[in-house]
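What follows is calculated from the coordinates using simple rules that are stated; it is not laboratory data. Since we're looking at a predicted model, the values are computed, not measured. Note that each Cβ is placed from the backbone with ideal geometry, even for glycine, and that neighbours are counted across all protein chains shown.
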């Protein structure tokens, strides 16, 4: 966008959009004479050249895509104004911050067009020389033509842009995947988070032939998520004519332009692989989320800073992908200004070093696996044979993937066998008198890393007391085991959305019965009527392991954090013969006491799944799903847990 543009985003009928020619891009910010100390090419300290090559980690689940919008005011050869230093500083930053150790792991850089102001050969050559910095270090990047680089659509033929920034520039690039016959629309495939991603860079105005090529290219790379870049797709929406952004909805302040609707209709909406679309051209920045034909979100963002001090100062937007947190964190910086010591930045430059308004710094929550499931489903981990889970020392292994159809009740005649072969079957079903309905049923739900693909659904509670639970037989060997050399107890659980703290708090997944007082326990924090062992959930859904060891007259208690409902969790308590540690999803929790805890006290009474006995009577019933349960008489490492990777699976 620039001084000769008259384009404005077209408003939607549901609201009135206030437009201002100067803000919408019909006008330009003229760069007046630089005063002493201005952040000019001569005033800014030289940015040191990066050492070595660009070196991102393509397997890390955290990576960054850098985006550079309109840099046109830095390259205006017709006016004799060529200022490459801000852009070069950003390029050096991208190289220096490419490694995983930097915390950014920049894997790709996308320019959004309007490289120059006047499209002249001299301007384009100067811009091309800056891009040589990226080429010399092997950086993966893309460019596209803006309306100040070309005119008409992609059938225009040869231009200085095509000669200098066209496909031949990418001949040696490992990420260049192809171009359409015109050369103005290009495709790039880069590797990040252990997979390949496709980025399309479309011309200022793509022809029907160009759109057909883009559609075919996406279809030919069916399993790849796609980031679409173009010079124009959405434009900014102004609320109360306020700028910089101060009011309105920062997540819904952009609108498809007339041409953007064409891009949406002809390319985006029916290609579910396209999840993120980025453009420049208009300002100020903004974004909107639209649903495609498949009903999935597509994030459409405009980013452009040419209207700010020094033509935007080579600003870049960093899209930090985090596939562990399922988040894209977005920030906007000017490496050129950041490279200057704060005391040397002039007043205007100091304001532009980092932009922190809601349109420049924000986060997007993306469940990547779910969003990409239609074209790149996550392989389901297959069920693993029970024999593979019976590791040395296993005393009991219960799983629920063969007992009955989904939703069918567990009946009194059914026994859940101990697959370890030690005879610790769950052989007794007890239904609390007065309970109605299906209070204990078979389910096909399970944790994605659970060996057995099934679970039990306990529909229990305390107010009023209702539900059902299972116990070991009276003479089961597990009832008298004291675990003198340590233990590992693992369970899979899911708390449903209708869980209620008033009725369901302190429900036990697993417990060993026998009152603490009758076992001779009377020390600090002792409740003489509570069970010897419980793995329970507090009123805040915090897992708690409360155990009376053989060496103490009082319990040791391990706590986890509050676990969200409707999510499967793997819990493990590991005792190494000295102390116990509680793990959630293989991660140690914070509240693990250092108190020596040796073994588990026993009174020869049963273990219960889903039931909590207090004062010798049933007091609470579990509410939720319980998957595989394993009890081992030694400490296991995290790599030996049931959730661990298994090359044989």
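Computed quantities for the displayed model
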quantity: Nearest 10 degrees, 0 to 90: helix 85-96 Cα axis against the chain principal axis; calculated: 30 degrees
quantity: Burial order of peptide ranges 532-540, 509-517 (average beta-carbon count within 10 Å, highest first); calculated: 509-517, 532-540
quantity: The chain: angle of helix 121-136 to the longest principal axis, Cα-based, in degrees nearest 10; calculated: 30 degrees
quantity: Gain upon complete extension [residue 529, residue 261; 0.36 nm per residue less C-alpha separation]; calculated: 89.6 nm
quantity: In nm, spacing of pseudo-spin labels at residue 551 and residue 343 (7 Å Cα→C-beta vector); calculated: 5.9 nm
quantity: Rotationally averaged projected area of the chain (alpha carbon convex hull; nm²); calculated: 34.0 nm²
quantity: For the stretch 285-313 versus the stretch 372-419, the gap between their alpha-carbon centres in whole angstrom; calculated: 46 Å
quantity: Square roots of 5 times each gyration tensor eigenvalue, C-alpha, the stretch 61-371, largest first, Å; calculated: 26, 24, 20
quantity: Cα convex hull volume per residue for the stretch 401-640 (Å³); calculated: 116 Å³
quantity: Mean Cβ neighbour count within 10 Å, used as a protection proxy, ranking 173-186, 64-77 highest first; calculated: 64-77, 173-186
quantity: Protection-proxy order for peptides 194-201, 563-570, 577-584, 378-385, each taking the mean of Cβ atoms within 10 Å per residue, highest first; calculated: 194-201, 577-584, 563-570, 378-385
quantity: Near-label residues of the stretch 306-324 by backbone N, under 20 Å of a point 7 Å along Cα→Cβ of residue 350; calculated: 308-313
quantity: Sites residue 163 and residue 387 - FRET efficiency at Förster radius 56 Å, r taken between beta-carbons, to 0.05; calculated: 0.25
quantity: Rounded tilt (10° steps) of 208-220 against the dominant C-alpha axis of the chain; calculated: 30 degrees
quantity: Percent of beta bridges antiparallel (DSSP, the stretch 61-371, rounded to nearest 5); calculated: 65 percent
quantity: Computed label-point distance, nm, for sites residue 208 and residue 463 using a 7 Å Cα→Cβ extension; calculated: 6.9 nm
quantity: Cβ-derived FRET efficiency at R0 41 Å, residue 559 paired with residue 485, nearest 0.05; calculated: 0.95
quantity: 222 nm mean residue ellipticity, helices alone, for the chain (DSSP H n ≥ 4; -39,500 (n - 2.57); rounded to 500); calculated: -3000 deg cm²/dmol
quantity: In nm, spacing of pseudo-spin labels at residue 294 and residue 367 (7 Å Cα→C-beta vector); calculated: 1.5 nm
quantity: The stretch 346-440 - Debye-derived log10 I(q)/I(0), Cα point model, q = 0.18, 0.19, 0.20, 0.21 Å⁻¹; calculated: -1.00, -1.03, -1.05, -1.08
